[in-house]
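A short write-up of the structure that comes next.
None of the figures in this text is laboratory data; all of them are computed from the coordinates on show. Here the structure is a predicted model, which is why all the values come from computation and not from measurement. All Cβ positions, even for glycine, are placed from backbone atoms using ideal geometry, and neighbour counts span all protein chains on display.
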Amino acid sequence: MSGVVGAVLQVIVIAVGSPLLVGVMRQVRARLEGRAGAGIAQPWRDLRKLMRKEAIAPHGTGWVFRAAPPLLAGTALVVAAVVPLVTTASPLDGVADLFAVTALLALGSVALALAALDTGTAFGGMGASREMTVLALVEPTILVSIFALSIRVGSTSLGSIVTATVEDPLSVISPVSVLAAVALAIVTIAETGRIPVDNPSTHLELTMIHEAMVLEYAGPDLALIEWASAMRLSVLLGLLASLFFPLGISGASTGALALLVSVIALVVKVTLMGALLAAGEVFMAKLRLFRVPELLAGSFLLALLAVAASFFLA
Amino acid sequence: MRLWRKIVKTGRVAEPAPLRDPDAPRPGVAAELAGSVQIRHVDAGSCNGCEVEIASAFGPVYDAERYGARLVASPRHADALLVTGPVTRNMEMALRRTHDAVAEPRLVIALGDCARNCGVFVGAYGVAGAVSDVVPVDVEVPGCPPEPEVIVAALRGLTGR
């Protein structure tokens with residue numbers, strides 16, 4: 001029963017909290033740049049306003065264009081329900097293991113890339129081709145790095161991987177975990193389109209990856225996409241925290257108080273990681289596009305080494 | 001580390017927010033936007049003087065972003081068009097199309113004397129007219145170029161913050 005409550009709680013926390021996380025990250029950046037910042041509630045104000053605006057679709061676009069935003073938001077919500085963030089005993093854990101989670105994330109990205117192609121604009125096509133390049137390098141790394149952790153547990157279920165770490169917290173301090181953690185961190189940055197792979201606040205169409213795909217969206221569709229992107233960011237950061245620092249996460253049978261503690265722990269962990277990521281972005285410039293595959297191939301190599309290490313050191 | 005020391009030493013450069021000018025023009029549409037105005041800047045033939053001032057209005061010192069205004073990359077994301085310069089013949093159709101691409105409710109800000117009444121370019125052979133001759137204008141910001149304070153005050157009239 002606490003698993004169901006926990007799963008509902010984590011979906012609500014992610015859905016409500018992820019725009020606030022984006023607000024916190026923008027605020028951290030603004031302060032480090034010497035600016036005052038718009039406040040952490042600004043992304044919610046933007047979303048509220050976008051929901052009230054007129055929905056317009058460009059001429060010549062079809063159902064692919066219209067289907068992408070709900071599909072992106074829907075997959076993000078499902079992933080938020082499956083991944084162990086508040087509880088390791090999500091009722092959906094049995095039907096969705098790490099392969100399903102990766103595939104769901106990929107489904108959202110592919111839907112958006114197809115929608116960008118559907119607009120027929122130069123920048124849409126360019127953004128779609130770049131997103132696919134990044135995606136093709138990111139997805140195997142996510143799979144392989146989590147796979148390295150799953151070998152120790154003997155299960156691909158994310159819930160049991162995290163449960164095993166909770167029972168034996170010192171197992172995180174091993175070459176396998178360190179290599180997998182670094183690989184997964186790089187991949188998280190690439191998948192969520194942050195610096196150094198992509199710049200979420202750029203105005204230069206030629207340097208865009210994710211932003212180039214959503215240039216043609218307006219009103220409620222754009223609100224859905226921005227909300228879904230924020231959710232994907234918080235889910236991936238939360239997954240990173242749960243896999244390598246599962247402090248305070250709830251098990252199968254816990255009381256209401258423990259669930260509350262887990263929610264607070266999740267919020268604190270994800271906010272800290274987001275703030276750290278935003279602070280790191282101030283010190284970095286965006287990588288040249290042709291250097292991005294090198295970075296991602298490096299992270300894939302780390303993930304592969306993690307798998308090799310998990311066999312040799314087991 | 002050098003950058004970090006610089007950040008700590010510089011601290012906050014944004015000037016304290018002045019009181020909001022209650023007389024700033026606030027078209028009825030602006031109330032629907034509720035504190036969040038995304039702006040697409042359109043250079044319809046400007047000399048780039050206004051662009052420099054817009055850049056400083058959104059820079060760290062004036063920080064227009066703290067009032068809920070933000071420059072965006074696409075007219076589809078925008079609520080307001082910030083048009084500078086007299087509308088040249090080559091930009092007339094582009095400005096019309098950009099205006100059509102913005103979702104309702106939408107606003108047009110004519111920034112600078114050229115955008116308001118063609119300024120020194122009035123009657124020039126390449127100029128099609130002022131911004132109000134091409135698209136309906138909601139807010140005008142005078143000045144050649146307008147100072148960042150004036151731009152920020154006009155934007156605060158739209159965001160209401």
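Could you work out, residue by residue across B:104-114, how many beta carbons of other chains sit within 10 Å of that residue's beta carbon, and then give the average as an integer?
1
For the range A:107-158 and the range A:39-63, what is the separation of their C-alpha centers, rounded to whole Å?
24
What's the Cα-based Rg to Rh of chain A, Rh via Kirkwood?
For chain A, the value is 0.96.
Of A:ILE225, A:THR254, A:ILE146, which is farthest along the charge dipole of the protein assembly as shown in the positive direction, counting Lys and Arg as +1 and Asp and Glu as -1 at C-beta?
The residue sitting farthest along the positive end of the dipole is A:THR254.
To the nearest 20 debye, what is the magnitude of the charge dipole of the protein assembly as shown about its Cα centre, counting +1 on the Cβ of each Lys and Arg and -1 on the Cβ of each Asp and Glu?
Using only the charged Cβ atoms, the result is roughly 820 debye.
Averaged over its residues, how many other protein chain Cβ atoms are within 10 Å of peptide B:4-11's Cβ atoms?
Per-residue shielding by partner chains comes out at 2.
In the range A:1-35, which residues have a backbone nitrogen under 16 Å from the label point lying 7 Å from A:ALA275's Cα in the Cα-to-Cβ direction?
A:20-33
When you count, for each residue, the other Cβ atoms within 10 Å and take the mean per peptide, how do A:23-30, A:241-248, B:90-97 rank with the highest first?
A:23-30, A:241-248, B:90-97
Springs between alpha-carbon atoms under 10 Å, Gaussian network over chain B: tell me which of B:GLY35, B:GLY123, B:GLY143 tops the mean-square fluctuations.
B:GLY123
What is the angle, in °, between the Cα long axis of helix A:98-119 and the longest principal axis of the Cα atoms in chain A? Nearest 10 is fine, range 0 to 90.
0
Which of the lysines could be linked to A:LYS269 by a straight reach, that is with a Cα gap under 27 Å, when you skip same-chain ones fewer than 8 residues away?
In chain and number order, the partners are A:LYS286.
Per-residue mean of other chain beta-carbon atoms within 10 angstrom of the beta-carbon, peptide A:36-45?
For this peptide, the per-residue mean of nearby foreign Cβ atoms is 5.
So what's the back-of-envelope 222 nm ellipticity for chain A, counting only DSSP H runs of four-plus at -39500 (n - 2.57) apiece and dividing by all residues, rounded to 500?
So the helix-based figure for chain A works out to -24000 deg cm²/dmol.
If you fit an axis through the alpha-carbon atoms of helix A:292-312 and take the longest principal axis of the Cα set of chain A, what angle between them do you get, 0 to 90°, nearest 10?
So the helix axis and the longest Cα principal axis differ by about 10 degrees.
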